[in-house]
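Peer 1: Quick one: the structure is below, and I'll ask about it shortly.
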Amino acid sequence: MAEFDTSDLPLPKGWQENTKRAMVCLTAMAHDALVTARGWAVDSRIHRVRLQAQVEQARQEIALLAEELRIKDARMRRIPAHQRPHYTSEERLAIMELKAARHLSAPQSACRFLVGQPTIRAWQKRLDETGPDALLKMSAVVNRFPEFVKHIVQRLTILCPLIGKVKMAQILARAGLHLAAATIERYRKEDPVKPEDKMADVIEEQTQTRVVTAIRPNHVWHVDLTCMPTGGGFWVPWLPQALIQVWPFCWWMAVVVDHYSRRVMGFAVFKKQPTSIAIRQFIGRCIANAGNTPKYLVCDKGVQFWNEGFKRWCRCKTIKPRYGAIGKHGSIAIIERFIRSLKHEYLNRLLIPLRRDTMRREIACYADWYNEHRPHQALNGATPLEMYEGVTAANHKPRYEPRRQWPSDAPCAAPYAPPKPEQGQHLTLIIRFADRHKKLPVIELREAA
């Protein structure tokens, strides 16, 4: 067989100028092909095929994260060693703990954390140092509260890094320990990155109808749609530079929230943008599950809601629809805030599943945790389920008072709650998680034995 000479192949003029763009496009196209193939595999009737698709998805995510770390480490290695930022004393101790947990040698630890081997060995020798000049130390702040209170705050910060100081104060108040947000901030040696949580939970009606104010549960409901990409985003390097918003590239989600209590009344997951009939059926299921029909239904002017069929259906159900302003951010702020919390607190931290039943289980897990355990700032720290059922919020029940000499009639961090008869208790922090991913914490405080 004669050897084929590739040197005689005609190449387009200037082909070398487009090779880098071609590589980016090729990578995006390969990812789309993989997602499509996995979408077929996760719907297979063969259990082994479904498991293999999940394993391949996890392997790809691990490989992408490893590549991110390699790029960042390569940038840090180009900085001369004496010019690199130093680790803090707490970070040095954390490195030594990780070294012990992974059974790393000094050369392996030095390579992973971009320090010299003598540095690792010096840290190992100076583990027993104490005092303010110790090279490795644990954070310790003297305060009026006992030391275990600071430990509780720090452990919550480490285990639940996305909880802000106000939210943490509300969670601890529900568990019986009332701390001010400023006190929690002082207790944190280094504050973690916190999501902005200042969006007002209000309805800004810009129509000619009067503003609707919820006065009881099931009085005003909100409904909205959103989509969640399975691969992290919709961008592609070719025109129109966006993926088609259908499965397996994304999931469409519909959510109903009660305005008065902020309780999630129901949700649905679709493979493509749902029709108006599908949304009506979904809202009908929410009404049947709640055993109540709302008087008002707040939504935007999407094609699913702004049509005669939907308005006729509302009239048959004796529901008055209210529409937010077109293109106005915040006109349906209640439901938008919940969707933002759902994505930021949970879905963005997951490897989005490609099976619909798995996606439903993940959203149901967050919705149950949100309703029962997550304090809501607009409700003064109460949970949506407490407001919906009209029971006393946990942060208004008698609180723990770990300060023995604190006057029983003196004020505490808001909201005010009377102390329990016995003061100066030593408390133990108990954290369990409502999900298998350990991202939805349920906080509890108990008196130490």
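Peer 1: Return the total of residues in the stretch 292-304 being surrounded by fewer than 22 Cβ atoms within 10 Å (Cβ to Cβ) and of a type in the set (A, V, I, L, M, F, W, C).
Peer 2: Number satisfying all stated conditions: 1.
One line per residue, one yes/no per condition, for (1) surrounded by 13 or more Cβ atoms within 10 Å (Cβ to Cβ); (2) within 28 Å of L347 (Cα to Cα):
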{"residue": "L385", "(1), (2)": "yes, yes"}
{"residue": "G390", "(1), (2)": "no, no"}
{"residue": "A394", "(1), (2)": "yes, yes"}
{"residue": "K397", "(1), (2)": "yes, no"}
{"residue": "K420", "(1), (2)": "yes, no"}
{"residue": "Q423", "(1), (2)": "yes, no"}
{"residue": "F433", "(1), (2)": "yes, yes"}
{"residue": "A448", "(1), (2)": "no, no"}
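Peer 1: Continuing with this model, one more query. Out of the helices (runs of 4 or more DSSP H) lying entirely within the stretch 55-170, which hold 3 or more residues that are within 29 Å of K438 (Cβ to Cβ) and among the aliphatic types (A, V, I, L, M)?
Peer 2: In the stretch 55-170, 89-101, 147-159 are the helices (runs of 4 or more DSSP H) which contain 3 or more residues that are within 29 Å of K438 (Cβ to Cβ) and among the aliphatic types (A, V, I, L, M).
Yes/no matrix, rows are residues, columns are (1) modelled with pLDDT of 85 or more; (2) within 30 Å of L127 (Cβ to Cβ); (3) touching a Lys or Arg at 6+ places or on another chain (Cβ under 7 Å):
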{"position": "E17", "(1), (2), (3)": "no, no, no"}
{"position": "M23", "(1), (2), (3)": "no, no, no"}
{"position": "R59", "(1), (2), (3)": "yes, no, no"}
{"position": "R84", "(1), (2), (3)": "yes, yes, no"}
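Peer 1: Let me ask you something else. Residues in the stretch 255-265 that are more than 18 Å from the chain's Cα centre (by Cα) and in a strand (DSSP E or B): how many?
Peer 2: Going through the stretch 255-265 one residue at a time, the tally reaches 4.
Peer 1: Continuing with this model, one more query. Just to check your reading of the model, which residue among A434, A367, A448 is touching a strand residue (DSSP E or B) at 6+ places or on another chain (Cβ under 8 Å) and under 30 Å from T36 (Cβ atoms)?
Peer 2: That would be A367, the only listed residue that is touching a strand residue (DSSP E or B) at 6+ places or on another chain (Cβ under 8 Å) and under 30 Å from T36 (Cβ atoms).
Peer 1: Separate question: Go through the stretch 251-272 and report how many residues are closer than 16 Å to G231 by Cα and buried (at least 23 other Cβ atoms within 10 Å of the Cβ).
Peer 2: 1
Peer 1: Scan the stretch 389-405 and tell me whether some residue there is over 26 Å from A448 (Cβ atoms) and either in contact with a Pro (Cβ under 9 Å, 6 or more places away or on another chain) or touching a residue at least 12 places away in the same chain (Cβ under 8 Å) (or both).
Peer 2: Yes, there is a match, as at least one residue in the stretch 389-405 is over 26 Å from A448 (Cβ atoms) and either in contact with a Pro (Cβ under 9 Å, 6 or more places away or on another chain) or touching a residue at least 12 places away in the same chain (Cβ under 8 Å) (or both).
Peer 1: So which pairs qualify, if the first residue must be in the stretch 265-279 and among the aromatic types (F, W, Y), the second must be crowded, with 19+ Cβ neighbours inside 10 Å and outside any strand (DSSP E or B), the Cβ gap must be under 6 Å, and the two must be at least 6 apart or on different chains?
Peer 2: Within 6 Å, the pairs are F267/I363.
Peer 1: Count, please, the residues in the stretch 38-51 that happen to be farther than 13 Å from T230 by Cβ, out of contact with any helix residue (DSSP H, G or I) (no Cβ under 7 Å at 6 or more places or on another chain) and surrounded by 12 or more Cβ atoms within 10 Å (Cβ to Cβ).
Peer 2: 3
Peer 1: Turning to a different aspect of this structure: Report the residue count in the stretch 40-54 for those that are in a loop (DSSP other than H, G, I, E, B) and among the charged types (D, E, K, R).
Peer 2: So the count comes out to 2.
Peer 1: I'd like the full set of residues that are surrounded by 13 or more Cβ atoms within 10 Å (Cβ to Cβ) and at pLDDT 85 or above, limited to the stretch 404-418.
Peer 2: Correct list: P415, A417, P418.
Peer 1: Looking at R102, R144, R155, can you tell me which residue is modelled with pLDDT under 85, closer than 23 Å to E372 by Cα and surrounded by fewer than 14 Cβ atoms within 10 Å (Cβ to Cβ)?
Peer 2: The conditions single out R155.
Peer 1: Of the residues Q241, Q304, Q245, Q281, which single one is modelled with pLDDT under 95 and either in a helix (DSSP H, G or I) or touching a Cys at 6+ places or on another chain (Cβ under 9 Å) (or both)?
Peer 2: Answer to the selection: Q245.
Peer 1: Need the failing condition index for I334 against (1) within 28 Å of T428 (Cβ to Cβ); (2) surrounded by 15 or more Cβ atoms within 10 Å (Cβ to Cβ); (3) of a type in the set (V, I, T); (4) out of contact with any Phe, Trp or Tyr (no Cβ under 9 Å at 6 or more places or on another chain), just the number.
Peer 2: (1)
Peer 1: Just a yes or no: is a residue in the stretch 73-88 under 24 Å from G232 (Cβ atoms) and without any contact (Cβ under 8 Å) to a residue 24 or more places away in the chain?
Peer 2: Checking the stretch 73-88: at least one residue is under 24 Å from G232 (Cβ atoms) and without any contact (Cβ under 8 Å) to a residue 24 or more places away in the chain.
The values are calculated or read from the model by the stated rules, or taken from the named source; none is laboratory data. Values in this document were obtained by computation on a predicted structure and should not be read as measured data. All Cβ positions, even for glycine, are placed from backbone atoms using ideal geometry, and neighbour counts span all protein chains on display.
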